[in-house]
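Below you'll find the structure, written out as structure tokens, and then a few comments.
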Amino acid sequence: MVNRIGVDIGGTFTDLVVEGSGSENRIGKVLSTPGDLVQGVLQAVQASGVDLAESELFVHGTTAGINSVLERRGARVALITTRGFRDVYIIGRGHRADMYNLRYRKPQPLVSREAIFELTERLDSDGSTLHAIDGKSLATVLQDIKDGEFEAIAVALLHSYVNPAHELEVRRYFEEHLNSIPVVLSHEVAPEWREYERTSTTVVSAYITPIVQDYLHRLTKELREKQLKVPVHITQSNGGAMSATQATQQAVLTLFSGPVGGVVGGREVGRSIDEEDLICIDMGGTSFDVSLIRGGEVELKSEFDLQGLPILAPSVELVSIALGGGSIIHEASGGLRVGPQSAGSTPGPACYGRGGTLATITDANAVLGRLPADQLLAGSLELDINAAHNAIDTVGNQLKLDSLSTAEQALEVAHFKMAQAIRELTVERGLDPRDFSICAFGGAGPLHAAFVADELQIRRIIIPSEAGAFSAWGMLQGDLRHDVSVTYYRKFNEAQVDIGEALQRLRERVQDRVRDDGADVASLRYEPSAEMRYIGQEYSLLVPTPSNTADQELLQSFHDAYYLRYGHSQPDAPVEFVSLRMAGIVSFDRTDSMVQVSQTSTSKPIGETRVLFNREPYNVPIYSRSNLGSRVNGSAIIIEESTTILVPDSWSIEPVRGNHLVMERH
């Protein structure tokens, strides 16, 4: 078995990368099938020509979970809470995410009050039983859930993160009487304090569990029928992977399964060419995702919000906006707008020639010549330039602009919005984007990277190998990983007593999960960390705890991390722990498929096209990435099967080791 397969599903394209020892990578890029995502994966397998029977690893980033939340089409969930706490989930928190917006409305919860059921039981804050579960109350809740025809059950009982006995008893009871409905327990998906956040995480997991289970069961079945012999692994929001079996039980961990593949790949590219600080931008057909690599490492956070819903789960830190090649250009209130709606893969941009009539960013690039007329998108899709002109003209007529002005202004708006997303992750955190290089990938990322870099005065861009299907490749660069956590509320000087024992219990939980995935525990390495904060503060920071003790080195690490994040620290202020975390990692075997590029040959154009910059036409040479052997000065267009790279006049581009490309501003 020599093949390693990574699959990423985007809003417009489904990408598959086949990595094999001693050969170049193969790509299968097909239009996504939103009606049935499994078919898109199977079509990508067919397009790549890979023999599944000869595969040793299959890693997949699924969007089944996050799409069901974004589109609010998840399962009908019943929530069971401790009596007297029915409204915790509905009330939520009192803060306003958009403080100065007079029209601000709280995000709608995934469960209505009518679907929340109170159970007579009570645990104390130390986990001791104040009131055992009342059998009559439990039977009443069961009947109400049966009558409501619910599809999933979320159980979030008070203080169950300390003592899970009552939640486990509830699940046993429901499995005896309702064995076809998934039951999600809060202590298993978010074993931490803060009732609202723990309940919200449990509800989200229950909301997507039936959809994720159905998708992964069908995908696994279809792949086995096509002779795949190894388990399917699913990328998690933290950048690691787990088995599809585990993913069906921990669905909330797959929410950012798709976007994180590119971040992990960016880390590996940076290591290979000695670039430690990168801004990764992933632009596909629907979204623009931004993440950071600092000091050669991916930045993780222990919780995040999705559409205003708090989720206690580890995730790569990223900013995502609804802006991609398929984002629709339109007129609103007399002005030109881009997005957030997308043409998706069906019918797609007008220039795809599949019946689409709405103008998109891809159409704007086609009108301006930045996508050569004879280029085949994804290796097989012919451009319909006339359809692109007609779509752009429709918007231009509403704004009294010609098609070229409309297209250029639409791209200027898009580039500004992309730069703003990067500023949110850098400038708003006290970081100077000029200290970073950009790593641009996705089907549309390399086409726009130089213009975004100009907005931010960034002078260096890396275009990785397989840029158009880079997230799929990045999934192959991750590891099998499991994260567990426990609430650990202690003052710093009180933690020396039992922090070692608490971390050991976390190691044992990680070992259980790794065994369930069929991996070798002997190969397991651990990454312990702690959530810490100054006493009196609300928010905490995640700090590595390599020594497994609460010593002065750990305390100084917290002060340093605080200074790095906020620009100041308080070394004399008392510090406390909030929680402990443990990551268990088992590395997949790697295949060294990097191609070393010789720079002795001269790069020769394979054609020429007319491109407009600032309303001025230029004859721009076209190069094939496959035979780019030396530095090329802009303006130039580099084409490959899965993406297009635009090199403006003030930039140059050249190949480096690993078959990656580096663009530099003069």
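The numbers here are math on the coordinates, done by the rules we state, and not lab data. This one's a predicted model, so the numbers in the text were calculated from it and none came from an experiment. A quick note on method: Cβ atoms are made from the backbone with ideal geometry, for glycine too, and the neighbour counts reach across all protein chains shown.
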With the cut-off at 1.5 for a/c, could you classify the range 387-524 from its C-alpha gyration tensor as rounded, prolate or oblate? prolate
Compute log10 of I(q)/I(0) for the range 10-106 with the Debye formula, placing one identical point scatterer on every Cα and leaving out solvent, at q = 0.19, 0.21, 0.24, 0.26 Å⁻¹, to two decimals. -0.98, -1.11, -1.28, -1.34
Name the long-range amide H neighbours of Q341: under 5 Å, sequence gap of 5 or more, or other chain; modelled H, no Pro or chain starts. I328
By DSSP, what percent of the beta bridges with both residues in the chain are antiparallel, rounded to the nearest 5? 75
Residue by residue through the range 532-539, which ³J(HN,Hα) values in whole Hz follow from phi under the Karplus form 6.51 cos²θ - 1.76 cosθ + 1.60 (θ = phi - 60°), with glycine and proline marked x? 10, 7, 6, 4, x, 8, 8, 9
What is the fewest-to-most order of T644, T394 by other Cβ atoms lying within 10 Å of their Cβ? T394, T644
For G308, the net charge from surrounding residues (Cβ-Cβ under 11 Å; K, R +1; D, E -1) works out to +2
Taking just the alpha-carbon atoms of the range 303-417, what radius of gyration and Dmax come out, in angstrom? 16.0, 49
Of L312, G261, I281, which is farthest along the charge dipole of the range 255-320 in the positive direction, counting Lys and Arg as +1 and Asp and Glu as -1 at C-beta? L312
For the range 497-508, just list the computed ³J(HN,Hα) in residue order, Karplus coefficients 6.51, -1.76 and 1.60, θ = phi - 60°, integers in Hz, with x standing in for Gly and Pro. 5, 9, 5, x, 5, 5, 5, 5, 4, 5, 4, 5
Within the chain, what is the longest stretch that has no chymotrypsin sites (Phe, Trp or Tyr not before Pro) placed in a DSSP loop and near at most 13 other beta-carbon atoms within 10 Å? 105-538
Net charge of neighbours whose Cβ lies under 9 Å from the Cβ of V486, counting Lys and Arg as +1 and Asp and Glu as -1: +2
Kirkwood hydrodynamic radius of the range 224-268, from inverse mean 1/r over distinct Cα pairs, in Å: 11.3
Residue by residue, what Karplus-based ³J(HN,Hα) values in Hz, rounded to whole numbers, does the range 605-621 have, using 6.51, -1.76 and 1.60 with θ = phi - 60° and x for Gly and Pro? x, 9, x, 8, 9, 9, 10, 9, 10, 6, 6, 9, x, 9, 8, 10, x
What is the gain in length, in nm to one decimal, between A132 and E538 on full extension, counting 0.36 nm per residue of separation less the C-alpha to C-alpha distance? 142.9 nm
Report the charge-dipole magnitude of the chain in Debye, nearest 20, computed about the Cα centre from +1 at each Lys and Arg Cβ and -1 at each Asp and Glu Cβ. 780
nm² value of the averaged projected area, convex hull over the Cα atoms of the range 517-561: 4.6
For helix 445-456, report the angle its Cα long axis makes with the longest principal axis of the Cα atoms of the chain; keep it between 0 and 90° and round to the nearest 10°. 80
For the range 254-324, what does the equivalent ellipsoid look like in terms of its semi-axes, each the square root of 5 times an eigenvalue of the Cα gyration tensor, given largest first in whole Å? 22, 15, 9
Exposure proxy order (Cβ contacts within 10 Å, fewest to most) of D15, D124: D124, D15
Sorted by chain and then number, the residues having a modelled amide H within less than 5 Å of the amide H of T644, at least 5 places away or on another chain, are L447
Using alpha-carbon coordinates, inclination of helix 165-177 to the longest axis of the chain, degrees: 80
Geometric extent, Cα atoms of the chain - Rg, Dmax (angstrom): 25.8, 82
At q = 0.19, 0.21 Å⁻¹, work out log10 I(q)/I(0) for the range 552-592 with the Debye formula, treating every Cα as an identical point scatterer and leaving solvent out; two decimals please. -0.69, -0.76
Amide H contacts under 5 Å for L255, placed H, 5+ residues apart: S237
Can you tell me the orientation of helix 403-425 relative to the chain, as the angle in degrees between its alpha-carbon axis and the longest Cα principal axis, to the nearest 10? 40
Apply the Debye scattering formula to the range 74-207, with a single equal point scatterer on each alpha-carbon and no solvent, then give log10 I(q)/I(0) at q = 0.17 Å⁻¹. -0.85
Quick one: check the C-alpha center-to-center distance for the range 417-438 versus the range 294-338, whole angstrom. 14
Over all Cα pairs of the range 465-543, how is the pair count split among 10 Å bins, expressed in % and running from 0 up to the last occupied bin? 14, 34, 27, 19, 6, 0
Rel. contact order, % - alpha carbon contacts under 8 angstrom, at least six apart, the chain: 13
Can you compute the charge dipole magnitude of the range 486-539 about its Cα centre, using +1 on each Lys and Arg Cβ and -1 on each Asp and Glu Cβ, nothing else charged? Give it in debye, rounded to the nearest 20. 120
Proximal charge balance of V395 [Cβ under 12 Å; K/R count +1, D/E count -1]: -2
Determine the shape class of the range 357-431: with a ≥ b ≥ c the square roots of the Cα gyration tensor eigenvalues, call it rounded for a/c under 1.5, and otherwise prolate if a/b is greater than b/c, oblate otherwise. oblate
